[in-house]
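Participant: I have a structure here, written as structure tokens, and I will follow up with some questions on it.
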Amino acid sequence: TISNIIVSNRTNVSANISFNTSKLSNSTVMYGLSQGTLTSSVSTSQLQMFHSYMLNSLLPGTTYFYQIKACNKFDYCSFSEVSNFNTMRNAPQFVTGLQLQVRNSDNAILMQWNAVADAQLYNIYFADSPTDFNFAQPSATVTETNYIDSSASSAEQRFYIVRAQNSEGTEEKII
């Protein structure tokens, strides 16, 4: 019996499929782009009860179908149902055209930039020096291509980075 099937560590080009078998078994994961066409596979002839396979060289933002086959030492085989998972989409492109303007009435910073395809929102990071950015938590998040930093008046100097984020929560790639 095949149980505890888990798809984990999905990226834009890979995914891990792990599962258990009730008896020592060899196994094969067959996968493809449609339920009826599982033309790729990974397998092992080693008899084991915990199985884990990393599927690599997948296409970004794509639905993959898979089925697991497990055979015991007597060549009695069982099959899982056909299931599916999606790879992550590629990270959005870099934000370009960032422009800053000081609003004289209160020293707020008006920011605007070019829209990025596939961006659901923009994360804005502030720092008082170019080496003090904390990318664990954005200073602000917006859906528009502009932002007003009204806290800038208290800073002697301020540095900004704006990053696009897609609907899966992936920010642009950092090189």
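Participant: So, in the range 118-134, how many residues would count as being open to solvent by less than 80 Å² (accessible area, probe 1.4 Å) and within 18 Å of ASN146 (Cβ to Cβ)?
Facilitator: 7
Participant: Going through the range 97-153 one residue at a time, which ones are within 27 Å of GLY61 (Cβ to Cβ), among the polar types (S, T, N, Q) and in contact (Cβ under 8 Å) with a residue 12 or more places away in the chain?
Facilitator: Matches in the range 97-153: ASN114, GLN120, ASN123, THR141, THR143, THR145.
Participant: Turning to a different aspect of this structure: Applying the selection to the range 135-152, what residues are open to solvent by 80 Å² or more (accessible area, probe 1.4 Å) and charged (D, E, K, R)?
Facilitator: GLU144
Participant: Given the range 1-114, what strands (runs of 3 or more DSSP E) lie entirely inside it while holding 1 or more residues that are of a type in the set (A, V, I, L, M), open to solvent by 60 Å² or more (accessible area, probe 1.4 Å) and modelled with pLDDT of 95 or more?
Facilitator: Details: elements: 2-8, 15-32, 40-55, 63-72, 77-79, 83-86, 99-103, 108-112.
Where strands (runs of 3 or more DSSP E) fall fully within the range 1-114 and carry at least 1 residues being of a type in the set (A, V, I, L, M), open to solvent by 60 Å² or more (accessible area, probe 1.4 Å) and modelled with pLDDT of 95 or more, they are 2-8, 15-32, 40-55.
Participant: If the requirement is being within 30 Å of GLY36 (Cβ to Cβ) and within 20 Å of the chain's Cα centre (by Cα), which of these qualifies: ASN72, ASN86? Walk me through it before giving the result.
Facilitator: Numbers: ASN72 fails: within 20 Å of the chain's Cα centre (by Cα).
Exactly one residue qualifies, and that residue is ASN86.
The values are calculated or read from the model by the stated rules, or taken from the named source; none is laboratory data. Source: prediction; values computed, not measured. Ideal geometry is used to build each Cβ from the backbone, glycine not excepted, and the neighbour counts take in all protein chains shown. For accessibility, only protein heavy atoms count, side chains too; no ligands or nucleic acids. Shrake-Rupley method; radii C 1.70, N 1.55, O 1.52, S 1.80 Å.
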